[in-house]
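Note sheet for the following structure.
The values are calculated or read from the model by the stated rules, or taken from the named source; none is laboratory data. Note that the structure is predicted; figures quoted are calculated from it, not measured. Methodologically, a virtual Cβ is constructed for each residue, glycine included, from the backbone with ideal geometry; neighbour enumeration extends over all protein chains shown. For the accessible areas, the whole protein counts, side chains as well, though only heavy atoms, and no ligand, DNA or RNA atoms are used. Shrake-Rupley method; radii C 1.70, N 1.55, O 1.52, S 1.80 Å.
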Amino acid sequence: HSPYFNGANKSTEVDYVQVYKDVADLLEDNDYDDGSYGPVLVRLAWHASGTYDVDTKTGGSNSASMRFEPEALHGANNGLKVARDLLEPIKAKHPNISYGDLWTLAGVAAIQELGGPTIPWRPGRTDGTSAESCTPDGRLPDATKKQDHIRNIFYRMGFNDQEIVALTGAHALGRCHPDRSGFEGPWSEQPTLFSNEYFKVISEREWIKKELKNGGWQWVDKNNTDVMMLPAEISMFNDKEFRKYFELYAKDQDQFFKDFTNAFAKLTELGVPFKGDEKVYKFETLPVVVT
Ligand code: CCH
């Protein structure tokens, strides 16, 4: 070691590149959903961050308050225990990483490993220690509502219409679970591939209402019931201001990747008190192993 090696300081360091690799390594599981934990990790990063309120400067990923009740039990967070528990062995291996940093980094890793853009990420979140950091219920979007509700929710975080539509494109990934949200099915035919497919699907299919056993309803494709849309999403699609961005991203995957990168990085940094000297990481995706 160099004479400048500081043993005490060393113990608080975190190898974030290794954390990325460890997350990337645990994504695949053929017995879970469509074969990947990536989508639920993206949802965890989003729900941890999307509680931010720009006026009161409360919420956001800084304190990782979803670890505590009541936030862990908010209806919007149903099913996210799967994602939080999945990351516990990584937290045990890298004890100095904060949960807020781990959850957001895991979201970035999932997007990148599933074919999405490289999203700059930096550490700096400090965990809250009690339920006092929990945000009130109702800060995340309600999928049964219309576009005005979605606007209000995202304007409260500080996003504009273009950013809202770009972020929603994350629904290329994953699916709805009857035991989590009450809705069912994926938005795209390849729910473990991050692409602009969500925008193509919503613009190209003919949507019909389907009643659900729980009394609710959702949109399904008239000709291929494998894909679905939430009530809020078709309301958004039918909104003149939102529509231009749906059309733009359906045509232009590069523009979608660019705008999504900026919006997702912004989302995960809402309310985080960075000192300003944090290293910004652009993680490399794992090499693809051909078997
Ligand atoms: Fe979402 N999302 N989301 N979503 N979401 C659901 C699942 C995922 C809404 C509602 C739902 C974003 C925005 C919105 C993901 C990422 C993002 C589900 C199903 C509902 C309902 C949950 C279940 O049953 O498991 C609504 C409304 C909005 C408003 O715009 C944003 C923004 C992001 C990320 C940038 C991902 C990924 C999933 C899939 C999770 C999984 O487990 O497969």
- Query: How large is ³J(HN,Hα), in whole Hz, for each residue of the range 182-198 in order, when computed from phi with the Karplus curve 6.51 cos²θ - 1.76 cosθ + 1.60 and θ = phi - 60°, using x for Gly and Pro?
  - Reply: x, 8, 9, x, x, 8, 9, 7, 10, x, 10, 10, 7, 7, 8, 4, 3
- Query: Short version: ³J(HN,Hα) in whole Hz for each residue of the range 164-179, in order, from phi by Karplus 6.51 cos²θ - 1.76 cosθ + 1.60 (θ = phi - 60°), x for Gly and Pro, what are they?
  - Reply: 4, 5, 4, 4, 5, x, 4, 6, 4, 9, x, 8, 8, 10, x, 8
- Could you order Lys57, Lys266 so the one with the most accessible surface comes first? Probe is 1.4 Å. Lys57, Lys266
- Message: I want to verify a result. In a Gaussian network model of the chain, Cα cutoff 10 Å, which of these has the top mean-square fluctuation: Leu44, Leu248, Leu102?
- Response: Leu248
- Task: Sum up the lysine pairs in the range 164-278 that clear both bars: alpha-carbon distance under 20 Å and a spacing of 8 or more or different chains.
- Result: 13
- Taking the Cβ of Tyr245 as the centre, find all other residues whose Cβ is under 14 Å away and add up their charges (Lys, Arg: +1; Asp, Glu: -1). -1
- Message: Under the 0.36 nm per residue contour assumption, what length would be gained going from the current alpha-carbon distance of Thr285 and Asp252 to full extension?
- Response: 9.6 nm
- Classify the range 1-129: rounded, prolate or oblate, from the alpha-carbon gyration tensor (a ≥ b ≥ c, eigenvalue square roots; a/c under 1.5 rounded; otherwise prolate if a/b is larger than b/c)? oblate
- Let me know the charge dipole size of the chain about its Cα centre in debye, to the nearest 20, where only the beta-carbon of Lys, Arg (+1) and Asp, Glu (-1) is charged. 500 debye
- Item | Solvent-accessible area per residue, Å², over the chain with all protein chains present [probe radius 1.4 Å] | 48 Å²
- Note on the structure: Per the charge dipole of the chain (beta-carbon charges, Lys/Arg positive, Asp/Glu negative, Cα centre), the residue among Gly60, Tyr32, Pro89 reaching farthest to the positive end is Gly60
- Query: What full-extension length gain, to one decimal in nm, is calculated for Lys222 and Asp31 as 0.36 nm per residue of separation minus the Cα-Cα distance?
  - Reply: 65.8 nm
- When the convex hull of the Cα atoms of the range 208-291 is projected onto a plane and the area is averaged over all directions, what value comes out in nm²? 10.9 nm²
- ³J(HN,Hα), Karplus 6.51/-1.76/1.60, whole Hz, each residue of the range 15-26, x for Gly, Pro: 8, 5, 5, 5, 4, 4, 4, 5, 5, 4, 5, 9
- Message: 5 Å is the cut-off here: which amide hydrogens, built 1.01 Å from N in the peptide plane, fall below it relative to Cys176, excluding neighbours closer than 5 in sequence?
- Response: Gly185
- Query: So, in Å, what gap is there between the alpha-carbon centers of the range 98-129 and the range 218-246?
  - Reply: 28 Å
- Note on the structure: Counting all Cα-Cα pairs in the chain, those more than 32 Å apart amount in percent to 23 percent
- Grab the range 1-120 and count how many Lys pairs have their alpha-carbon atoms under 19 Å apart, sequence gap of 8 or more, or different chains. 5
- the range 105-153: C-alpha gyration tensor shape, a/c 1.5 cut-off, then a/b vs b/c: oblate
